[in-house]
Amino acid sequence: MRIGVITFPGSLDDRDAQRAIRFADAEPIALWHGEHDLKGVDAIVLPGGFSYGDYLRAGAIASVSPIMAEVIDAANKGLPVLGICNGFQMLTEAHLLPGGLIRNELGTFVRRDQTLRVENADTAWTNDFSAGEEIVIPLKNGEGGFIASDDELDRLEGEGRVAFRYVGVNPNGSLRDIAGVTNERGNVVGLMPHPEHAIEAGFGPDTDAAMRSGVDGLRFFTSAITALQAV
């Protein structure tokens, strides 16, 4: 499987995402924001960082970059797309996902190992999890507060489109503790925590078993491979 990772000016975690894809036994394909060529990839990751310096709003300029026209078209046709942190912000700005992300509630940058509850295990990026399962994924953001209207939040809840929810601590003031959402089709998922930083024992979050042993993030990428193989 070939999974593309798009680099934008200000991307920080594109190489980490590529490495996570290798760990999942897929081939990472580097894509560039200024091109219109997706190079025939089977799935796409929009990585974390500060694309275009987060001017206007986080992810706003990146959402209208040349390659995003191709991403939007491919996503609407069913291509799996994962947006991580800044990538999640891009997906909301591009209207591939609902809601928006605003400055953290306390106005500070937050960095922590964050417990999440998997609410939807039926998407292209979550099918290797179980609904209700709690996982630990590193979080680092300054504008991670998820917002939407009450009606939209009720619709997301009712349609099962909340993919992840914060457990124990809500680190950024996200409404209803929402950490990630999916589109109706389940091929597009966005979340604020960084699964690409929890793929290798010795470098992930602490667990009850051992320090730095958490690898819950790897299953995001193996989920995409499972979904693609099922097609």
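The values are calculated or read from the model by the stated rules, or taken from the named source; none is laboratory data. Values in this document were obtained by computation on a predicted structure and should not be read as measured data. Because the Cβ atoms are built from the backbone with ideal geometry, glycine has one as well, and the counts that use them run over all protein chains shown. Note: accessible area is taken over every heavy atom of the protein model, side chains too, but ligands, DNA and RNA are not part of it. Shrake-Rupley method; radii C 1.70, N 1.55, O 1.52, S 1.80 Å.
Out of the range 138-231, which GluC sites (Glu not before Pro) are coil in DSSP terms and have no more than 13 other C-beta atoms within 10 Å? Can you show the working numbers first?
Values: sites: E143, E152, E157, E159, E184, E196, E200; in loops: E143, E159, E184, E200.
Filter output for the range 138-231: E159, E184.
Any idea what the relative contact order of the chain is, in percent, if you count C-alpha pairs under 8 Å spaced at least 6 apart?
20 percent
Once the chain from S149 to R2 is taken as fully extended at 0.36 nm per residue, the excess over their C-alpha distance is 49.2 nm.
Taking the solvent-accessible surface of protein heavy atoms with a 1.4 Å probe, what is the per residue accessible area of the range 136-216 in Å²?
Numbers: 3210 Å² over 81 residues.
For the range 136-216, the per-residue accessible area is 40 Å².
With both labels modelled 7 Å from their Cα along Cα-to-Cβ, the S213 to T226 distance reads 2.2 nm.
Counting only chymotrypsin sites (Phe, Trp or Tyr not before Pro) that sit in a DSSP loop (anything but H, G, I, E, B) with at most 13 other Cβ atoms within 10 Å, what is the longest stretch of the chain containing none of them?
On the way: sites that count: Y55, F109, F203.
Result, exposed sites excluded: 110-202.
Rg and Dmax over the alpha-carbon atoms of the chain stand at 15.8, 45 Å.
The loop-placed trypsin sites (Lys or Arg not before Pro) in the range 39-145, going by DSSP, that have at most 14 neighbouring Cβ atoms within 10 Å of their Cβ come out as K39, K77.
Which whole-number percent is the relative contact order of the range 9-55 (Cα, under 8 Å, 6+ apart)?
Numbers: 38 pairs, mean separation 28.7, N = 47.
In percent, rounded to a whole number, it is 61.
Centroid-to-centroid, using Cα positions, the range 1-63 and the range 150-215 are 19 Å apart.
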